[in-house]
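Let me begin by presenting the structure, written as structure tokens, before commenting on it.
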């Protein structure tokens with residue numbers, strides 16, 4: 001994960017993900033006529049606002 005400070009109160013975070021997941025994000029954001037980064041911000045903010053915990057486990 002790469003982070004760079006851009007401007008006051010903002011931070012850019014770059015992540016690597018599978019091509020399939022990236023293509024899906026691109027398709028969904030395009031259907032809403034918004035950028036991929038704005039789409040990601042919306043869905044992440046909705047998850048944070050929900051207060052739900054994310055459970056992670058190892059793949060075997």
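The values are calculated or read from the model by the stated rules, or taken from the named source; none is laboratory data. Note that the structure is predicted; figures quoted are calculated from it, not measured. All Cβ positions, even for glycine, are placed from backbone atoms using ideal geometry, and neighbour counts span all protein chains on display.
The single condition from (1) surrounded by 11 or more Cβ atoms within 10 Å (Cβ to Cβ); (2) over 13 Å from the mean Cα position of the chain (by Cα) that residue 29 fails is (2). Starting from residues that are farther than 22 Å from residue 12 by Cα and not in a loop (DSSP other than H, G, I, E, B), keep the ones in region 28-60 and report whichever is modelled with the highest pLDDT. Per the stated criteria, the residue is 31.
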